[in-house]
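Here the structure comes first, spelled out in structure tokens, and everything after it is commentary.
The values are calculated or read from the model by the stated rules, or taken from the named source; none is laboratory data. The structure displayed is predicted, hence computed values, not measured ones. Because the Cβ atoms are built from the backbone with ideal geometry, glycine has one as well, and the counts that use them run over all protein chains shown. With ligands, DNA and RNA removed, areas are computed over all heavy atoms of the protein, side chains included. Shrake-Rupley method; radii C 1.70, N 1.55, O 1.52, S 1.80 Å.
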Amino acid sequence: LEVGCGAGAFTLPLYEKGIDVYGIDYSENMIQICSTLMPFGTFKVSEAKTIPYDSEMFDAVVSNSVFNYFSDLVYAESVVSEIARVLRKTRPAAILDINDADKKDAYKSLQITKLGDKEYNRLYGNLSHQYYSKKWFAEVAENCGLLCDIQEQQISGYENSKFRYNVFLEKVR
């Protein structure tokens with residue numbers, strides 16, 4: 001299952017290898033694209049905090065570059081709880097490309113240096129991306145019965161990588 005599958009860029013390579021894929025996204029247009037590209041996949045329009053699948057249904061769950069767009073930590077915690085609910089015991093989940101709260105100021109400073117104040121405000125002034133502390137993820141994972149391994153992101157050629165991290169989870173109860 002991919003939570004926040006968008007048009008299916010992350011899911012498509014799995015589908016092409018014959019893996020049963022599922023996805024949810026709040027955008028009906030994105031779900032239509034997924035359904036067209038992957039006619040034997042299962043895709044639904046849904047909020048991430050209410051995953052419309054049965055408990056312990058999935059062998060793996062991934063959410064790539066989606067948590068940055070959640071409105072607040074309460075919403076994000078409900079999504080982690082839902083991921084735990086639909087994940088089978090001892091199975092993995094990955095929440096990828098998370099904005100690191102400890103590096104928020106450094107990231108903003110770099111962007112302003114590159115773009116200048118005026119262009120930065122034009123592009124990002126009205127956006128409110130969510131940032132997460134690693135401690136928050138570790139605590140939420142534990143509360144949801146998930147083992148948690150947090151790793152710094154190291155993607156060559158992806159400038160934002162040094163301001164992001166990835167969370168790998170495993171359901172233990």
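Rg over Rh for the chain works out to 0.99, using Cα positions for both radii and the Kirkwood form for Rh. Just from its helices, what would the mean residue ellipticity at 222 nm be for the chain, if runs of 4 or more DSSP H residues each count -39500 (n - 2.57) and the sum is divided by every residue, rounded to the nearest 500 deg cm²/dmol? -10000 deg cm²/dmol, from helical runs alone. Pairs over the 20 Å Cα-Cα cut-off, from the set K114/K162; K89/K135; K104/K171: K89/K135; K104/K171. When a 1.4 Å probe is rolled over the protein heavy atoms, the share of accessible surface on the chain that falls to carbon and sulfur comes to 50 percent.
Loop-resident GluC sites (Glu not before Pro) (DSSP state other than H, G, I, E or B) in the stretch 6-88 with no more than 15 further Cβ atoms inside 10 Å of their Cβ: E47, E56. Trypsin sites (Lys or Arg not before Pro) within the stretch 1-69: which are DSSP loop residues with at most 14 other Cβ atoms inside 10 Å? Answer in residue order: K17. Rolling a 1.4 Å probe over the heavy atoms of the protein chains gives the chain an accessible area of 56 Å² per residue.
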